[in-house]
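As structure tokens, the structure follows; a few thoughts come after it.
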Amino acid sequence: MSTRPTRLRGFRRLVALAAGALALAACAVGPAGGGAPQDAGKPTIRLAYQAFPSGDLVVKHNRWLEEALPNYTIKWTKFDSGADINTAFIAGQLDFGAIGSSPVARGLSGPLNIPYQVAFVLDVAGDNEALVARKATGITDVAGLRGKRIATAFASTAHYSLLAALQQAGLSASDVQLVDLQPQASLAAWERGDVDAVYTWLPTLDQLRKDGTQLIASRQLATAGKPTLDLGVVSTAFAQAHPDVVDTWRKVETRALTQIHDDPQAASAAIAPEIGATPEEAANQLKQGVYLTEQELTSAEWLGTDGAPGNVAQNLQSAAQFLADQKQIPAAPALATFQKGLYTKGLPNVLAS
Amino acid sequence: MRAVLLPLVSLLVFLVLWQLAAASGAWNETFVPYPSTVWRAFLDVSTTHDGTRGYQGYLLWEHLYMTLRRVLGGVVVGVLVGVLVGLLMGTVGWVRRVLEPWLTFLRALPPLAYFFLLVIWLGIDEAPKITLLALAAFPPAAVATTAAVAAAPISLIEAARALGAGRSQVVRDVIVPAALPETFTGVRLAVGIAYSSVVAAELFNGIPGIGGMVKDASNYNNTPVVLVGIAAIGISGLVIDGLLRAVERRTVPWRGRA
């Protein structure tokens, strides 16, 4: 019997709460709504970034692009995986993106055929991505993984590198048990002893190394012809309409690469807050990756120059061939497709500021 | 006749609209693939072809079977505990006051929010998946049972008491039969909610499993396989609900005639 009055009181309180929430929402919307019209005249550049340490985060954190392009509204959106960036490109929601070579190889192949081009090499995976086995298993080389349980984030560059490492050791994916786990979850599974080995990246990788044996790192796979890269891509339509913006973007990305080489402390200080790490941790992560110099970037080994697309096209094709063998895409396109997929306009002179 | 014809016509209209949408070219094929492409994907994941077995080494029915097993395990645990707790909450006032906030708290949580904790505590095999499904099925079953028990007609309870029935007799002979129809609705709801959590439950190490298949295919922007998985989840969900309704009609024929 006594429940009725309480319920009514509860209801009234709820109404009051709802009214309060509405008022709050109105306040929150107010200033933002007021700010929009003054930007309305400026065209927007939409960039997708990911929280892996690279010059892209230096550019974002220091607002270099905003400085260099004051007549544009710059919109940065954080993504967690290359697959999501691919989807956003297909939807026509992005102009630039920072994305791994494995998803780019998928994006440039059928059935996706995403109209974007590779305009920059942000980094090359070195010791920042590696395959580690738990010490307790006693495994010391990749061949010893036969029949074991290995975790990696499916569809990532680490997944690609793991399959390449297994193949190199004479094993196929069916000789081991592959488990799809994101870095954090793979750490949990590792600590519980649910997996024997993990192929993942920093910072999780450093935690695994504490009680694990490193079997192979992406640096060795790169020298064996299976490099994994983080690339900067630009939508083809955008590059045709605004070549000047692409030039500016390449210049600031080059400036960030130079800073990583010349002043790693400043670079780590900018990257640290973007990846939620301390500057020391960020510096350590930067040290383990491979960051090209301006000369390397435009050499035949990587992007190449205007009219002479470089070896990144071969890398992407070999990644696509690999995905086709794994039945992840129907077939790998010809090399020409990937050469057309490189945006080398004006290289190398355009990078000189 | 009409009962069969109307759903069939709606299905046909849907397929025609779909084909038109795909053929219009307004959307990229990754977003709206042709019905024929999805049909081919269905055949691919259901058979062994050029040396590849189904999707990621398992056929469609094997993915579905693993998921159904997990859902069954989770739902049985979740519903059993849920109905018992609901019965207790409905009959004993202080239990209800103690448990209700906890139940509401749990009900408000999206499974994705706590799944990571389950992985840390229970590992990456079956335990966290079944626990997640049980946690998803538990609140609706408990809430529906509580409400159903509380709504048992007072006149009947008082009549039974007047005839000399004890507390346990009242519960067994009056409250439970009166609450059963509503409880069944809660069970159906619980199964539905558990079923809609399968993709979350199979987020980590979900293959074989239909949710794991959908998640993996979407990682590769493989829309046809995603649609096949969604259709499999939806259709099996319809079948399960149909079965539950049949069971309900059999066991609670007095529904609506209280």
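The values are calculated or read from the model by the stated rules, or taken from the named source; none is laboratory data. Note that the structure is a prediction, hence the values are computed from the model and not measured. Please note: Cβ atoms are built from the backbone with ideal geometry, for glycine as well, and neighbour counts cover all protein chains shown.
Restricting A:Ala313, A:Ala332 to those that are touching a Leu at 6+ places or on another chain (Cβ under 6 Å), surrounded by 16 or more Cβ atoms within 10 Å (Cβ to Cβ), more than 14 Å from chain B (Cβ to nearest Cβ) and of a type in the set (A, V, I, L, M) reduces the list to A:Ala313.
Across region B:215-258, the qualifying residues are those that are of a type in the set (Ser, Thr, Tyr) and touching a residue at least 12 places away in the same chain (Cβ under 8 Å), and the one among them that is farthest from the other protein chains (Cβ to nearest Cβ) is B:Thr251.
Just one of the listed residues (B:Leu135, B:Leu64, B:Leu118, B:Leu68) is out of contact with any strand residue (DSSP E or B) (no Cβ under 8 Å at 6 or more places or on another chain), within 14 Å of chain A (Cβ to nearest Cβ) and either of a type in the set (Lys, Arg) or under 30 Å from B:Asp216 (Cβ atoms) (or both), and it is B:Leu118.
Could you count how many residues in region A:319-339 are under 17 Å from A:Ser161 (Cβ atoms) and either basic (Lys, Arg) or touching a helix residue (DSSP H, G or I) at 6+ places or on another chain (Cβ under 8 Å) (or both)? Looking only at that region, the number is 6.
Pairs please, first residue from region B:151-174 and over 16 Å from B:Leu88 (Cα atoms), second anywhere and modelled with pLDDT of 85 or more, Cβ atoms under 6 Å, 6+ apart in sequence or on different chains. Going by the 6 Å Cβ cut-off, the qualifying pairs are B:Leu156/B:Val174; B:Ile157/B:Val170; B:Ile157/B:Val174; B:Ala160/B:Val170; B:Ala160/B:Val174. Of the residues making up region B:16-54, those that are aromatic (Phe, Trp, Tyr) and facing another protein chain (nearest Cβ under 9 Å) number 1.
Just one of the listed residues (B:Arg96, B:Arg188, B:Arg107) is modelled with pLDDT of 85 or more, part of a helix (DSSP H, G or I) and within 14 Å of another protein chain (Cβ to nearest Cβ), and it is B:Arg96. Within region A:308-340, the residues that satisfy the criterion of being assigned to a loop (DSSP other than H, G, I, E, B) and touching a residue at least 60 places away in the same chain (Cβ under 8 Å) are A:Gln326, A:Gln328, A:Ile329, A:Pro330, A:Ala331, A:Ala332, A:Pro333.
Residues that are free of Cβ contacts under 8 Å to residues at least 24 places away in the same chain and among the acidic types (Asp, Glu): does region A:52-67 have at least one? Yes; the residues of region A:52-67 include at least one that is free of Cβ contacts under 8 Å to residues at least 24 places away in the same chain and among the acidic types (Asp, Glu). Within region A:341-350, restricting attention to residues that are of a type outside the set (Ser, Thr, Tyr) and touching a residue at least 40 places away in the same chain (Cβ under 8 Å), the residue that is surrounded by the most Cβ atoms within 10 Å (Cβ to Cβ) is A:Gly341. Here A:Arg134 meets the list (1) touching a strand residue (DSSP E or B) at 6+ places or on another chain (Cβ under 6 Å); (2) surrounded by 24 or more Cβ atoms within 10 Å (Cβ to Cβ) almost entirely, failing just condition (2). Taken across region B:200-214, residues that are buried (at least 23 other Cβ atoms within 10 Å of the Cβ), among the aliphatic types (A, V, I, L, M) and either more than 14 Å from chain A (Cβ to nearest Cβ) or farther than 30 Å from A:Gln177 by Cβ (or both) do occur, with at least one present. Among B:Leu106, B:Leu64, which is touching a residue at least 24 places away in the same chain (Cβ under 8 Å), farther than 27 Å from A:Gln177 by Cβ and among the hydrophobic types (A, V, I, L, M, F, W, C)? Result of the check over B:Leu106, B:Leu64: B:Leu106.
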